[in-house]
1. Evaluate the following for residue 289: is it touching a residue at least 12 places away in the same chain (Cβ under 8 Å) and within 30 Å of residue 79 (Cβ to Cβ)?
2. Among the listed residues 269, 307, identify the single one that is in contact (Cβ under 8 Å) with a residue 60 or more places away in the chain and in a helix (DSSP H, G or I).
3. Here are 82, 91, 50, 22: which of them is surrounded by 14 or more Cβ atoms within 10 Å (Cβ to Cβ), in contact with a strand residue (DSSP E or B) (Cβ under 6 Å, 6 or more places away or on another chain) and either in contact (Cβ under 8 Å) with a residue 60 or more places away in the chain or under 17 Å from residue 293 (Cβ atoms) (or both)?
4. Scan region 233-252 residue by residue and report those that are more than 30 Å from residue 73 (Cα to Cα) and at pLDDT 95 or above.
5. Is it the case that residue 163 is surrounded by 14 or more Cβ atoms within 10 Å (Cβ to Cβ) and under 25 Å from residue 63 (Cα atoms)?
6. Kindly evaluate residue 187 against the criterion of being more than 17 Å from the chain's Cα centre (by Cα) and touching a residue at least 24 places away in the same chain (Cβ under 8 Å).
7. State which residue is nearest to residue 68 (Cα to Cα) when the search covers only region 205-217 and only residues that are crowded, with 18+ Cβ neighbours inside 10 Å and in contact with a strand residue (DSSP E or B) (Cβ under 9 Å, 6 or more places away or on another chain).
8. Go over the candidates 198, 172 one by one and state the one that is under 27 Å from residue 9 (Cβ atoms), in contact with a strand residue (DSSP E or B) (Cβ under 9 Å, 6 or more places away or on another chain) and modelled with pLDDT of 95 or more.
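The values are calculated or read from the model by the stated rules, or taken from the named source; none is laboratory data. In this text the structure is predicted, and so the values were computed from the model without any measurement. Note that we place each Cβ from the backbone using ideal geometry, even for glycine, and neighbour counts take in every protein chain shown.
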């Protein structure tokens, strides 16, 4: 066993006890499915599972995220001060915070402006210079955003997203009276914090660490850039589905009156953590966890059992 593998295994085993037990997820899901007829009730089963199984699991993951951001391996081994700033405990609280972050804050304003410009101007005038300028603003607005893929073995099965902002910019995100400049964010710090999450959540230690060594994210961490438009782009298990959002421009329409679980607009969860760097500067890290991400976590034990059988 190489020294690097040994060190990482020890590091992950320290965090194992902070993860909630997911070993009985399959049994709980089977009981839930038995309570609903198989035909025509898949949406009811889906949202009941989200509320009864996956939402409590997300609540239990808060300590794991705190430890993940506080500790690290390799050259970035400094222990940082991390605390939970806000981790809504109810579905209503989750939806309220997601609405604030994804809809009413300025987080996705650059993307919306670009999409609106593209719709109104590009197709009529085909102005390539203006298009390049709008795209540049859009890209700069994505500086605080990162995506962390989740692997089962060598297969990417889902993703989560991070929003990393200095505290002053986090406050400006929600206050129109303050100057919000995401392009000014230090991307080295964003990558540093995202790397800390990737080192644990590429392949979370919900099963024996020895089973994770042959999977992606062990020898080389995986984290990706993303953008504000993709935060709610659920295609191929990346972003969090917004049930009210339609079209590539992010147009919002109300749910139909007969919609199942109308209180679930955003199919996912969030949690906000405060990180204090060595300099004393405070940062906020917002974790966006689509339902498909939490579901894949919950079923990881069962997946490895089937894989090894």
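1. Values: touching a residue at least 12 places away in the same chain (Cβ under 8 Å): yes; within 30 Å of residue 79 (Cβ to Cβ): yes.
Taking the combined requirement at face value, the residue satisfies it.
2. Values: 269 fails: in a helix (DSSP H, G or I).
Unique residue meeting the criteria: 307.
3. Details: 91 fails: in contact with a strand residue (DSSP E or B) (Cβ under 6 Å, 6 or more places away or on another chain); 50 fails: in contact with a strand residue (DSSP E or B) (Cβ under 6 Å, 6 or more places away or on another chain); 22 fails: in contact with a strand residue (DSSP E or B) (Cβ under 6 Å, 6 or more places away or on another chain).
Result of the check over 82, 91, 50, 22: 82.
4. Step one: list which residues in region 233-252 are more than 30 Å from residue 73 (Cα to Cα), which gives 233-236, 241-252.
If the condition is that a residue be more than 30 Å from residue 73 (Cα to Cα) and at pLDDT 95 or above, then 241, 242, 243, 244 are the ones that fit.
5. Details: surrounded by 14 or more Cβ atoms within 10 Å (Cβ to Cβ): yes; under 25 Å from residue 63 (Cα atoms): yes.
Against the criterion (surrounded by 14 or more Cβ atoms within 10 Å (Cβ to Cβ) and under 25 Å from residue 63 (Cα atoms)), residue 163 qualifies.
6. In short, yes.
7. 217
8. Numbers: 172 fails: under 27 Å from residue 9 (Cβ atoms).
Being under 27 Å from residue 9 (Cβ atoms), in contact with a strand residue (DSSP E or B) (Cβ under 9 Å, 6 or more places away or on another chain) and modelled with pLDDT of 95 or more holds for just one of 198, 172, which is 198.
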